[in-house]
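Below is the structure I would like to discuss, written out as structure tokens.
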Amino acid sequence: MKVPRRSARQKNLQKDAEKEEAINLLEQKENTEEVVERSKDEENFVESPVVSDDDDEDFSDDDGSLGESGSEDSHLSGEEDVFVSSDGEDSFDAKSDDVSGNGASGSGRDDTEHGKDDDAESDDSRTVVEESDSSEDEVDPRNTVGDVPLKWYKEEEHIGYDLAGKKIKKKERQDKLDSFLASVDDSKNWRKIYDEYNDEEVELTKEEVKVIKRLLKGKAPHADFDPYAPYVDWFSWDDSKHPLSSAPEPKRRFIPSKWESKKVVQYVRAIRKGLIKFDEKPKEEPSAYLLWGDDSSAIDRQGLAYIPAPKPKLPGHEESYNPSLEYIPTQEEINSYQLMFEEDRPKFIPKRFTSLRNVPAYEKAVNENFGRCLDLYLCPRARKKRINIDPESLKPKLPSRKDLRPYPTSCYLEYKGHKGPVVSISTESTGQWIASGSSDGTVRIWEVETGRCIRIWELGESVSHVSWNPLPERPILAVCMGEDVYLLNTGLGNAEEQKSLEELLRVETPSTPDDSDNDKTAVNWVQDDKHGGIRLKHFKTVSSVEWHRKGDYFSTLMPSAQSKAVLIHLLSKKQTQRIPFKLHGLPVSTAFHPSRSAFFISTKKNIRVYDLLKQKLIKKLETGVREVSSIAIHPGGDNLIVGSKDGKLCWFDMDLSSQPYRVLNCHPKDINRVAFHRSYPLFASSSDDCTAYVFHGMVYSDLNQNPLIVPLEILRGHASENGRGVMDCKFHPRQPWLFTAGADSVIKLYCH
């Protein structure tokens, strides 16, 4: 393979480099005395195998040229021999460091190098420092503070920490004059630099100084680097004379382009027509304007028929709460005002008050504001086509989630034991027990803190709903299963409570059907000795049961029973009655008002609120969703939330409007249950997407302030089963905890 020789340009660059290196050698000769002094101190200095400038470059007095180690005429003689001495230390044979250049090298320099070689052979304690480009060979810094700014340690006694975690104390600062005199006397001061990071002075070695000098001159840090290495052509072919093509240049490179000329003509025509406009400074509109001035002389007019809005009268001294006596009318003048026409009467009669707090509300404020708005509305105005609104101002300013704690965030406990999907759960009023009903036909009672199952009822049919009695002295559990509703005695409480419960859950004689009374034919009260309670037999499938706040009344819902779909039962008298209202649509869920005698009935589209005492409709709420699945009433009673089967969550403020105050599109699938917390401003929703959303819902006593709704957390952990996810969710009555029942037959407790 043929290798071309260097060109004339490369030879000139080489001569320039040789001149610079000759200057460096002359500077080094001037410091020979210093080198001799340092050679005594560096007997134990470990030589680095890095080839330096002095080892690579020899100055020849015969022809005034330099011999470089990387050129064709110089080469390295010998090889480096490394051996291990008897003491276990590495020794270096310095015979291989002789560099020969062009057959003629400095004899005095060689003698010095041979003298150093003899010393190296006699000293077996030297170790070899091999050069490596790996970052793993670098010395770790003594200070381990990382990217922490050093100004943070300005007032401290230490500057950081070492690898062992101990503090690195700061060195005592010397006097400026003493440090200057010491630096003048020190011949090696020019090699020392201050390391602020480790708070110490570092002395540069000869090799580091040479590298810095080469970098300052724009050279490569290593002396053995040849910037003008001979070009190696990896391919060779016959009759190769030129590295580039010798074909003549094409004509298109020397004549004007027709395409460019056409483009220039198009630009010129576009500039003449005004299609292309140069950057002009936009006209700055004044930020201030006269509020009470006349804007008829304004320059900008949007149309010829522009009429400015009428300006209100500038307030004077008579509008003051303590005007001068000359502005206050006498009683005769006030009486004369009554004889005038209403149009001629003064609209404002000045009065005098001793202080500003004694000034009452202006009685004509609403009328005057209405008249002012009417004037602005009827006055012809130019319509603005564009409204400049900052997009950031449209975003609602929500508080931080840290300020809204506590709320449930993570799963703390799991209740396992059901073999089928857990359809419904209910918490006891004290918060110590929780009941669950599953499609496997069992009802279980769990201890909340330990997760221990204390009782199981085998009912033999799928359970649709369970509900605790809200009174703590009545531990009664209502269970919906098919066409029956069971009132079970849980066995909790003391002996007196159990005795009163046994009397309460005793049916003397079963009610006999009566054709004349339609209400009694709907439900039969039967004593259930097998499960220890009362069994209410309905004629249709019961979907849910809800207790009244007093614990004596409860309602049952039969969606397919038409006019008898909703029934209200009295436990103490074992009576059942139908609500005296006409149902408009298929009922979905019911609820009692937490404080008043109101009753909520939800259909697929609407929610109606009835007064049970007056037996009339109070309000009708329009949900606007596809189908309502569940409702929950706020403990205050003026707000409620509605969950739908299209994943929407609606918040209603009943004092504000019959339309939703806020609609939240949070779940991608059906919402199965929504729930409010009794004491904390929290509400939650569970869906078939295997998640439960927790929200902050603060209702203020001030009627002028709207409720604050902030999404807080998405609780995950349930697995999907046959397309169903989280079936039910309930809050703990006293703690900010949330219970969720999933189709994977697991009940989870989420705590803060």
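So how far apart, in nm, are the two label points at C453 and E342 if each is 7 Å from Cα heading toward Cβ?
Here the answer is 7.9 nm between the modelled labels.
Moving on. Treating only the Cβ atoms of Lys and Arg (+1) and Asp and Glu (-1) as charged, compute the dipole magnitude of the stretch 339-439 about its Cα centre; round to the nearest 20 debye.
Dipole size: approximately 500 debye.
Run the simple label-point estimate for S246 and S595 please: 7 Å along Cα→C-beta, distance reported in nm.
Reported label-point gap for S246 and S595 is 10.6 nm.
Continuing with the same structure: Please give the length that would be gained between R357 and R678 if that part of the chain were fully extended, namely 0.36 nm times their separation in residues minus their C-alpha to C-alpha distance (nm, one decimal).
Residue separation times 0.36 nm, minus the Cα-Cα distance, leaves 111.4 nm.
On the full set of protein chains, 1.4 Å probe, figure out the accessible area of F225 and give it in Å² to the nearest 10.
The accessible area of F225 comes to roughly 120 Å².
Once label points are set 7 Å from the Cα along Cα→Cβ at both D655 and W259, what is their separation, rounded to one decimal in nm?
Taking the two extended label points, one gets 7.5 nm.
Give the cross-link partners of K616 among the lysines, using a straight C-alpha distance below 19 Å as the criterion and excluding same-chain residues fewer than 8 apart.
K564, K582
Here is a follow-up. What list of ³J(HN,Hα) couplings, whole Hz, do you get for the stretch 168-174 from phi and the Karplus terms 6.51, -1.76, 1.60, once you set θ to phi - 60° and write x for glycine and proline?
9, 5, 6, 7, 5, 7, 7
Please report the carbon-and-sulfur percent of the accessible area for the stretch 551-596; probe 1.4 Å, protein heavy atoms only, DNA, RNA and ligands left out.
That fraction is 49 percent.
Over the stretch 160-223, with the other protein chains present, what is the accessible area per residue in square angstrom, probe 1.4 angstrom?
77 Å²
Then there is this: Over the stretch 522-634, average the accessible area per residue using a 1.4 Å probe and give it in Å², no decimals.
Value returned for the stretch 522-634: 44 Å² of accessible area per residue.
The values are calculated or read from the model by the stated rules, or taken from the named source; none is laboratory data. What you are looking at is a predicted structure, and each value in this text was computed from that prediction instead of being measured. Please note: Cβ atoms are built from the backbone with ideal geometry, for glycine as well, and neighbour counts cover all protein chains shown. In case anyone asks, the SASA skips ligands and DNA or RNA and just uses the protein heavy atoms, side chains included. Shrake-Rupley method; radii C 1.70, N 1.55, O 1.52, S 1.80 Å.
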